[in-house]
Amino acid sequence: MTEIVISPDLKDAAQTEFGALDQQRDLMQARGGAGLALSRVYGYVEGGTDEVVAHALQSDLAVRRVYQNLLRRQALFHIPQAIAASSEEYPMRHCTGCRVRLQASRAQEDQVYLIIELADQRSDSPTRLNLFGVDEVFASVDLPAQRNGVIQTLLDKDSSQARLLADPKTEIILR
Amino acid sequence: MKRIAILIATTGGPVLVDRITPEPAPQSMVCLRRQSDVLPISADYDDFVRAGSGVIMREFGPYEEGAFRLDVSGPIGTGQSWQLGVFAAHAIFKSETAVLSDLETADLIVWLTGTVDYDLNVADVDHMAQKVESSAFVLADYIAKGTPILFGAGLENAQFLADHRPPEGITVCPLNTTHDLLEILGLVANVPETVAEESERSSKSFILMAVLTLAALVALYLFLVKDHAEEEVLQVQTPLEINLTSDRGKNPIFFFGDYLNLMVEVSEAAWVQCFYAQADGKTFRIYPNDQVKEVTRFEPNRLHILSGGENSSFAIKLGPPEGREEVACYASLQNIDIDPARPPKDSVVDVLHFDLKP
Amino acid sequence: MLVYILFDEGEDKDVETAHSSILRAGGKDQLLADFGAMREAITPEGEPKYLERPTLETLAKFICAQTTGAHKDLALFELAHLVFAVAALKGQGERTTFFLSPERPSRGRLRAFFTDCKTDPTVGIGVDGVQLRYDGQVFLIRFGRMPFLIALYEFLCSMEGFAHYVVITDIFDQAVSDGLSLKSLKACANGLSSLMRKYRIANLSTAQADGKFVQVYKFLQDQSGGAQIILTDQSVFDFWCLHNTGKDYRGYRTVFDLFCDFAHAFEAARVHENAHHAARLGLSVEDGEVDLAGEDVDASVEDDWVSPFDIFDQDEFAPVRFFKKSSERGPIESLMAYGPDALRLPIAFVRHEIFGQVQAGITNDLQVGRGAASVQTRVNCEDVPSYPQRLAECLRIRDHIKALQGASLHVLLMDSECAEGESEARDQAQKAFGKMNRKGFDGDAIDQKMIFEQAADALVKMEAQLDHYIKKLENQNLPPLFEADKVAFQQQFKHLYAEVLT
């Protein structure tokens, strides 16, 4: 049999070491209680689909904030809050190389066209329109591919996306 | 004003062109059921409309607005066979003598499939048998009502349709170019409305034949299926067979709120039981059910409309959960309860798989 | 790692519950959530982004690092270097992609990331990793270390609901803008270390671990009787017999782990005591600053044992099959995972392997409701491999490892000239390679030279571990020991599972 002589002089230091080992073992064994890793949020920023992140963006302010922060760094187009108020129902928003506007549908009064016009026909066309309203409200629109420098889709007029786009204080980030 | 319903034939069932609206937007779009759901074929539709790449603006323009919104009744998948129907719809939209109509109030139903090239030639497309098969259920009611129906397609496709002897009430029109179609519809200036007039003239006979038309369409369907069935018979000598399909064909896509209209055919007089398996694993028996007062054997070699038909005792409306679902119909010579987990050896089964979406 | 095997094979639920409750009892759900988030990080294909071992295990070690020891936050210093290197080689904007991409950070992918990057006089790419030259020294971050550092970066940014993300980003931005110097890197590491210190205080509690430690210590004190406190293989079994009817120590494997950690803790304390770590350099301990003085910083990180199989689990090893899972890897998996801990208490470990497995089987039977007959068979310890059979199995696998070493050597020498006196070794290596009739050991093996290089190192480590274990077993009279143990474990199992058997 192997014998290990335990030195009482080392007891305190060993107890500290033991605490670390024990907790490490606990951590490796524990399951559940999962939070959200930043790489999942980043993957979503990059256009990936992730229902957990999509849900967290609606329900968790911290996730929304970090998503916004990452988006600002990775944005293809960033239209900050407008300072001046607008008298138009759907103010046109723009930044260098990009214009975002809503156009009422003639066929359906309850629907509006979302029209994004890009100055260049770039290869990394935006795939998602992110809208951050006052009071940290968030909504997004998955975009179709651009055609001839235009991305166009339809929104319901009373959708949160349309409402946010109508507000010039909404920050718009295209990624 | 002549009311013309344009049906775009798809393998998932005929899709009605509901409405065309010029819109102050940069791109033309195809929308589903007047909702904000934009169909994936929108980009191709925009090309088809746009002057330069397409033919619609060139043939029917100019319009004050640069784009159109086309509303349709159901999804249209990939491919270009919608072009002929869309072309016809735009021709009617431009016309001063005709308007786009729904099916109920239509004077004429035009069922179309084919592509249209830049020179307005109509070309043939695939999956004709499936398209006809999946249209049978919808068209049966209107044949019965006496609404004239015109099948338009490219030359070979039209030949295929003619070879299978469509029932009276359906006129098959081979199309070389879109001009042929416009002539037939009476949409070309100074050209007599040949088929349309003829159809009107013969509408009385349609009414007289109303009782027979459903059977006739079923015959058409059966004939189309028969080609395949005969081949199979040569390979497998099975005495009892069952064939299950829907009004949207064998591989349909359904959305919440849609009705699942099932059709069954057996090769011998047999008892039939059908089971619905949800995506979440739950299975229900849907035929026979409480609504079926008298359960009898199914007659052989005729199409039985199981659910959703005018004479059906029940309809199936689809709802959550979403996913890949299936209906399995068993036929047996014995009148016994069938457990789908352990069906009797002498029973035969056919399964209809479909995607159910929100 | 053992706990993983327990999980897979259905170890006592009591054990699992007891462990989990330790963290939860202290209100430490945050730590569980934060670490769980790393486990739930997924690739676009839905696979875990980080390997459980070694990446997450190393991260767990870092998070739970003991409060003494100068190098516990050395990883933060390494991380500061890596952040700087990425900025220098790929541009500041690539930092987010490098550290937060959902792709698994395998060595191959990391190597690829750094290929064709712009040159920098102070930061370069070597065969092994990224080198930073400053203040007259060279700091190397190996490709193999990077997955852990990436996990650490993500953990820091994600912990406590991303509460520190902005602060951490600012710290890294500042370090990069300050330029490469010991001062800027230390400032960066200290900033991060301060956050970690607060995090550990808030989320780690040793109260229950302290209780366990004292329990074992007193048990050994009582058992030893005299002035000296002695821990033997038998101590593990005796402690288990004493406590196995309770909730916390029902499983022999749990008790083995407990004593492993206990012995490991004293060994580590002894090493620290002898090491005479350098004193802190006037930093504010209260603020959580740590000593990361240049003279203490070595490119090689503290040499914690990691299973050599971790090397073979890397994605890029897929084209070469070194081990058959059930016959060549499974029997030594635990031995390689435990490393020196297994050798410290070899008899206790062989009991863990043989009879611990029996108990895991019983637990599994009970969980899936296999019934009394199956439990009875296991309780009787029928068909259990004996210790001599276990030894023979180790010898057989050692032969395979030696053959793999030869075959790997052959690949490494394929494109080199034969030096004088080398021909015999080359011949043997070639023979070993020729006999290795399996995937990857063929004419294309030279294309995988980098894999064989890494494998060669791991194989040497594995052989040494097996050698030690074999020697320890050979020093015992195994046949009677096994028979006695069989009777002893039978008795305990009968007692423990009497309710099921009657």
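Derivation of every value follows stated rules applied to the coordinates shown; laboratory data play no part. Owing to the predicted nature of the structure, the values given are computational and were not obtained by experimental measurement. Ideal geometry is used to build each Cβ from the backbone, glycine not excepted, and the neighbour counts take in all protein chains shown.
The table below gives the values:
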read-out: Label-point separation in nm, B:Ala269 to C:Ala373, each point 7 Å along Cα→Cβ; value: 5.2
read-out: Spatial separation of Cα centroids for the stretch C:253-268 and the stretch C:414-443, in angstrom; value: 42
read-out: DSSP beta bridges in the protein assembly as shown [antiparallel fraction, %, rounded to 5]; value: 75
read-out: Mean ellipticity per residue at 222 nm, deg cm²/dmol - from DSSP H runs of n ≥ 4 across the protein assembly as shown, formula -39500 (n - 2.57); value: -14500 deg cm²/dmol
read-out: Cα-based radius of gyration of the stretch A:77-174 once divided by 2.2 N^0.38 Å, which approximates compact folds; value: 1.01
read-out: Average other protein chain Cβ within 10 Å of Cβ, residues C:245-253; value: 0
read-out: Whole-number D in µm²/s for chain B (Stokes-Einstein; Kirkwood sum over Cα pairs; 37 °C, 0.692 mPa s); value: 153
read-out: Estimated distance in nm for a label pair at B:Leu240 and C:Ser423, the labels positioned 7 Å out from Cα along Cα-to-Cβ; value: 8.2
read-out: In order through the stretch C:94-103: 3J(HN,Hα) via Karplus (6.51 cos²θ - 1.76 cosθ + 1.60), integer Hz, x for Gly, Pro; value: 7, 4, 4, 4, 4, 8, 10, 4, x, 5
read-out: Using a Förster distance of 35 Å, the FRET efficiency for A:Arg163-A:Asp124 (Cβ separation, nearest 0.05); value: 0.75
read-out: Antiparallel %, DSSP beta bridges [both residues in chain B], to 5; value: 60
read-out: Per principal axis, descending, Cα span of the stretch A:35-74 in whole Å; value: 22, 19, 15
read-out: P(r) weight above 24 Å for the stretch C:310-501, C-alpha pairs, percent; value: 52
read-out: Cβ-placed point charges (K, R +1; D, E -1), dipole of the stretch B:57-190 about Cα centre in debye, nearest 20; value: 120
read-out: Tail fraction, Cα-Cα pairs, the stretch C:163-230, threshold 15 Å, whole percent; value: 68
read-out: Candidate aspartates and glutamates for bridging to C:Lys461, where Cα separation is under 19 Å - those fewer than 8 sequence places away on the same chain excluded; value: C:Asp128, C:Glu302, C:Asp303, C:Asp304, C:Asp310, C:Asp313, C:Glu328, C:Glu333, C:Asp341, C:Glu393, C:Asp399, C:Glu453
read-out: Principal-axis tilt of helix C:74-90 within chain C, Cα atoms, nearest 10 degrees; value: 40
read-out: On Cα atoms only, tilt of B:83-94 relative to the major axis of chain B in degrees; value: 50
read-out: Distance between modelled label sites at C:Val138 and B:His179, nm, 7 Å Cα→Cβ extension; value: 8.2
read-out: Sum of side-chain charges, A:Thr127 neighbourhood, beta-carbon under 11 Å (Lys, Arg +1; Asp, Glu -1); value: -1
read-out: Average Cα contact separation per residue, the stretch A:35-74, under 8 Å, 6 or more apart, as relative contact order %; value: 38
read-out: Scaled radius of gyration (Cα, divided by 2.2 N^0.38 Å) that the stretch B:1-125 gives; value: 0.96
read-out: Folded to 0 to 90 degrees: helix A:11-29 orientation relative to chain A principal axis, Cα; value: 40
read-out: Spatial separation of Cα centroids for the stretch A:56-106 and the stretch C:347-395, in angstrom; value: 63
read-out: Ranked by how many other beta carbons lie within 10 Å on average, peptides B:113-120, A:64-71 from highest; value: A:64-71, B:113-120
read-out: Relative contact order for chain B, counting Cα pairs under 8 Å that sit 6 or more residues apart, in percent; value: 14
read-out: Intensity falloff of the stretch B:62-172 expressed as log10 I(q)/I(0), Debye formula with alpha-carbon point scatterers, at q = 0.17, 0.18 Å⁻¹; value: -0.94, -1.05
read-out: Globularity index of the protein assembly as shown, i.e. its alpha-carbon radius of gyration over 2.2 N^0.38 Å; value: 1.23
read-out: Residues C:Met196, C:Met450, sorted so that the one with the fewest Cβ neighbours within 10 Å comes first; value: C:Met450, C:Met196
read-out: Isolated Cys in chain B, by beta carbon distance under 4.7 Å; value: B:Cys31, B:Cys173
read-out: Cα-based Kirkwood hydrodynamic radius, chain A, one decimal, Å; value: 19.3
read-out: Filter on A:Lys169/C:Lys198; C:Lys61/C:Lys402; B:Lys250/B:Lys345; C:Lys212/C:Lys471; C:Lys72/C:Lys324; C:Lys49/C:Lys324 - keep pairs with C-alpha separation over 30 Å; value: A:Lys169/C:Lys198; C:Lys61/C:Lys402; C:Lys212/C:Lys471; C:Lys72/C:Lys324
read-out: Where GluC sites (Glu not before Pro) fall in DSSP loop in the stretch B:5-104, at most 16 other Cβ within 10 Å; value: B:Glu64, B:Glu65, B:Glu96, B:Glu104
read-out: R0 of 56 Å, Cβ-Cβ distance A:Glu89-C:Asp383: FRET efficiency to nearest 0.05; value: 0.10
read-out: Relative frequency of Cα-Cα separations exceeding 20 Å in the stretch C:163-278, percent; value: 62
read-out: Rg [Å, one decimal], Dmax [Å, integer] - the stretch B:238-357, C-alpha atoms; value: 13.6, 38
read-out: Rounded to whole Å, sorted largest first: equivalent-ellipsoid semi-axes of chain C, Cα gyration tensor; value: 40, 32, 21
read-out: Distance from the stretch B:307-358 to the stretch C:84-107 (C-alpha centre basis), Å; value: 54
read-out: Mean separation of Cα contacts under 8 Å, 6 or more apart, over the residue count of the stretch C:310-501: relative contact order %; value: 34
read-out: Proximal charge balance of C:Val500 [Cβ under 11 Å; K/R count +1, D/E count -1]; value: +1
